[in-house]
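Below: one structure, written as structure tokens.
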């Protein structure tokens, strides 16, 4: 087969609505905030995103994540009855609760609804004891999970998030947690995070996420509030993006009121959806190029992405993906080995870079083939 020199492949894509004007960035009062395009994984904008903050009841996102993990591993089941301890019942007076009675038996399913919809601190304690046997063991699991997810500026001292010097996070870490929460357990997320109210023990409480009433595209996630933390929210919304869907996640912490956290999160969502577009550059497994391979049984391979490749840019921006191979590519090459990079130019300026991987393996050639390619590489000025 004749060798195919990939050289430089340039593909151009233009965002729909090319003449749209960029919307001004919202001016927010929150102590820290972040807007993430979950589909592409890009942070669109942020303020004080790595500053340590008190997460308050946003802590319960991690509590639910650990419980979801336990459900997935069959450590507990949704219908499993949990005996409510005195410790769960005696959460601080005046804090949010689902009004559990000591000694009563409540299914894990209802405790999760009480946790995420009613923000019950008593539900957090009961779930921790059900999953790990004690609150302390569960909190250790929360922190182990935080480390595994890469939340390096986050630590938990409880499953409910009431004020404690040992409970802290950042807007950046909370956006990572929210992303993993949605991606890792999508069905459980849909079940427990978008309900507008929940009734337990004949007491109906509304979801404190007011965006669920104001924006039909919002389907979660969690609010939080203490006097020291202020009013906080992690909100997420999903809207059409051509033939696909795109999801935005906002983290807003430290506002002065429930109204402000709702308003500022909504402003970020509208700015993100209207002022930016998300483009699918390549699908998972789609060949970007067929670069030349040396000393292999095949003299080329298909190169592409291990997952769909998206990019988020201001509405109207011109996007140019530029493929650059590693040279020389010498066999053996395993599937998923990095074989080059795709640089993305936005309006002619470098913006980001994606690794490009081998979509198929190439085994090493026999002695004669390797020897011949060694001569040819030497002639081209490569020492490999």
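Some notes on this structure:
- Residue check, residue 339 in a strand (DSSP E or B), surrounded by 20 or more Cβ atoms within 10 Å (Cβ to Cβ), under 24 Å from the mean Cα position of the chain (by Cα) and not assigned by TED's automatic domain parsing to the domain that holds residue 239: no
- Qualifying residues in region 361-375 (those that are in a loop (DSSP other than H, G, I, E, B) and exposed (fewer than 14 other Cβ atoms within 10 Å of the Cβ)) - the one modelled with the highest pLDDT: 363
- Members of region 201-210 found to be surrounded by 13 or more Cβ atoms within 10 Å (Cβ to Cβ) and either part of a strand (DSSP E or B) or in contact with a helix residue (DSSP H, G or I) (Cβ under 7 Å, 6 or more places away or on another chain) (or both), listed by number: 205, 206, 210
- Residues (touching a helix residue (DSSP H, G or I) at 6+ places or on another chain (Cβ under 7 Å) and either surrounded by 21 or more Cβ atoms within 10 Å (Cβ to Cβ) or in contact (Cβ under 8 Å) with a residue 60 or more places away in the chain (or both)) located in region 227-249: 229, 231, 232, 233, 234, 235, 236, 237, 248, 249
- So residue 40, is it in the same structural domain as residue 246 (by TED's automatic domain parsing), at pLDDT 90 or above and within 23 Å of residue 303 (Cα to Cα): yes
- Within region 211-226, tally of residues that are out of contact with any helix residue (DSSP H, G or I) (no Cβ under 9 Å at 6 or more places or on another chain) and touching a residue at least 12 places away in the same chain (Cβ under 8 Å): 2
- Residues in region 322-336 that are assigned to a loop (DSSP other than H, G, I, E, B) and under 28 Å from the mean Cα position of the chain (by Cα): 2 in all.
- So residue 190, is it part of a helix (DSSP H, G or I), in contact (Cβ under 8 Å) with a residue 24 or more places away in the chain and under 16 Å from residue 115 (Cβ atoms): yes
- Restricting attention to region 47-75, the residues being surrounded by fewer than 19 Cβ atoms within 10 Å (Cβ to Cβ) and either touching a strand residue (DSSP E or B) at 6+ places or on another chain (Cβ under 7 Å) or free of Cβ contacts under 8 Å to residues at least 60 places away in the same chain (or both) number 7.
- Residue match in region 85-104 (condition: at pLDDT 95 or above, farther than 30 Å from residue 127 by Cβ and surrounded by fewer than 19 Cβ atoms within 10 Å (Cβ to Cβ)): no
- The single condition among (1) within 18 Å of the chain's Cα centre (by Cα); (2) modelled with pLDDT of 95 or more that residue 192 does not satisfy is (2).
The values are calculated or read from the model by the stated rules, or taken from the named source; none is laboratory data. Quick caveat: nothing in here was measured; it's all calculated off a predicted structure. Neighbour counts are summed over all protein chains in view; Cβ atoms, including those assigned to glycine, are modelled from backbone coordinates with ideal geometry.
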